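Take a look at the structure below.
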Amino acid sequence: MIFERISAGGCQSYLVGCPETKRAALIDPKLDQIDHYTALAARHGLRIGYLVDTHTHADHFSATRQLALQLGVPVVMHRASPAPFVDMRIDDGEMLAVGGLRLQAIHTPGHTADSMCLRVGDRLFTGDTLLFGATGRTDLPSGDAGALYDSLFDRILRLDPDLKIFPAHDYQGGGSSTIGQELATNPRLQIRDRAAFIEMMGNLNLTLPTHITEALRVNMSGGKAVAQLLAEAAASVPFMSLAELRGRIGSAPDGLIILDVRERDAYEAGHIPGARLLPRGQLELRVNQELPDPTRRLLTCCELGHISTLAARSLREMGFLSAVALDGGMKAWREAGYPVKSGPEP
Ligand SMILES: [Fe+2]
C-alpha cells in the first residue's frame, strides 16, 4: 500500500494508494493543503479516485468539494452526512474499491451522527471517533456521547487489537498506536460504564473551535470560506502599490479614477486626494451613471484592501477591464504618511 500522512495544524489527512493500479483515495483533506496533496499524488504517480470525509468537520475547511471540482472525482461520505454535494453516500459495511485495495466503512456515530471509520488492511482510519489517548468530542452539532460509547465499545474496540489507528487529529504530531494500545492506555477508554462515560464526556468543558460557524457552513453546504472568496478575487485582479499610487496622484496623465468604496462617513473622515466615493454596497446600482466609459483606468480602495479587491473583481466582471485594486488600504496609506483629504466630495 502506498501511504502518506499529511499533518497540518493538528489535522491529519491520508493518501492511500494501490501500488499496482496507482489508484488512490484521499481521506479528510484540508482546503489549505490542496497543492500538497496533488503534488504528493503526482510524486507517487497516483490518480486520486475518491475524496473521503470521515465526518462533517467543525474545526477546519474540508477540501473535498474543491478537489472534486478540480479532479472530477466523487466526494464520499456516510449516508447521514447533511452535505448536498456528496456524490457517493456509503453505509456501514460497504466498501470503496481503490484499485486492489478495499476501504470498508464502519458507521461510528458519536462525535457526529455521520462519523465513520475506514478499514483497509492492517489500518483503521478512525476520523474523530478514536484519537491517540483521547476520543472525539461529543458537544458539537449532532454529537452524542452515548452513541460514541456504543461505537467504541461495541464496534471499534472489538476489532483486531493489532489494527493500527490513524485519526483525523494528532495535536502532538508523530503519534502511532493500535486498538489494543488504546484499550490499555487511553484514559477515556478506562471508563467502561456507559453512564459514567457519558457523564465524563459531558464534563470536558472544551472551548469551541475557532471558525466553527464558518467551517460548518462551508463543510455542510459546499459554499466558500471568506478567505477563499478573497483569495479567488485577489487572483483575478491586478494591484497597484501604495507608493505607485502616491506617485501618480495629482499628475493623473492617464486619467486614473480612484474609487473609494467605503461608506460616506469613512470617506469624509479622510480619503486619498482626488478619490471619488462609490460605496461597495451601491457599486452595481450606480456604475452605469458614475462610470459611463468602461475603458477608463479604475483603482479601487477601501480601509484594509479586502473589500476593494472584491469591488475590482466585480468591476472586471461587469466589463471594466482596466479595474485594479490598491495593494493595501487607507489604514496602510495613513500609516505611510501619504496625503489625506477630509470632507465631502467636491
Ligand atoms: Fe471532527
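Laid out as a table, the results:
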quantity	calculated
Search result, residues across segment 127-173 that are outside any helix (DSSP H, G or I), surrounded by fewer than 17 Cβ atoms within 10 Å (Cβ to Cβ) and without any contact (Cβ under 8 Å) to a residue 40 or more places away in the chain	Asp160, Pro161
Any hit, segment 34-50, residues being buried (at least 21 other Cβ atoms within 10 Å of the Cβ) and within 16 Å of the ligand (Cβ to nearest atom)	no
Subset tally (residues that are closer than 26 Å to Ala231 by Cα and in contact with a helix residue (DSSP H, G or I) (Cβ under 7 Å, 6 or more places away or on another chain)) for segment 21-70	17
Residues of segment 51-82 classified as of a type in the set (D, E, K, R), surrounded by fewer than 21 Cβ atoms within 10 Å (Cβ to Cβ) and within 16 Å of the ligand (Cβ to nearest atom), total	1
Leu118 being over 23 Å from the mean Cα position of the chain (by Cα) and either outside the structural domain of Pro19 (by TED's automatic domain parsing) or crowded, with 20+ Cβ neighbours inside 10 Å (or both)	no
Pro167 vs. criteria in contact with a Leu (Cβ under 7 Å, 6 or more places away or on another chain) and in the same structural domain as Ala63 (by TED's automatic domain parsing)	yes
Qualifying position, being out of contact with any Phe, Trp or Tyr (no Cβ under 9 Å at 6 or more places or on another chain) and within 13 Å of the ligand (Cβ to nearest atom), among Gly133, Gly127, Gly121, Gly174	Gly127
Residue check, Leu230 at pLDDT 95 or above, in a helix (DSSP H, G or I) and under 30 Å from Ala336 (Cα atoms)	yes
Residues of segment 233-256 that turn out to be β-branched (Val, Ile, Thr) and modelled with pLDDT of 95 or more, as a count	1
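Residues are listed down the side, and each one gets a yes or a no for (1) out of contact with any helix residue (DSSP H, G or I) (no Cβ under 9 Å at 6 or more places or on another chain); (2) assigned to a helix (DSSP H, G or I):
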{"residue": "Glu199", "(1), (2)": "no, yes"}
{"residue": "Thr210", "(1), (2)": "yes, no"}
{"residue": "Ala215", "(1), (2)": "yes, yes"}
{"residue": "Val218", "(1), (2)": "no, yes"}
{"residue": "Gly223", "(1), (2)": "no, no"}
{"residue": "Gly250", "(1), (2)": "yes, no"}
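The values are calculated or read from the model by the stated rules, or taken from the named source; none is laboratory data. These numbers were taken from a predicted model, which means no experiment stands behind them. With ideal geometry, Cβ positions are generated from the backbone for all residues, glycine too; neighbour counts draw on all protein chains shown.
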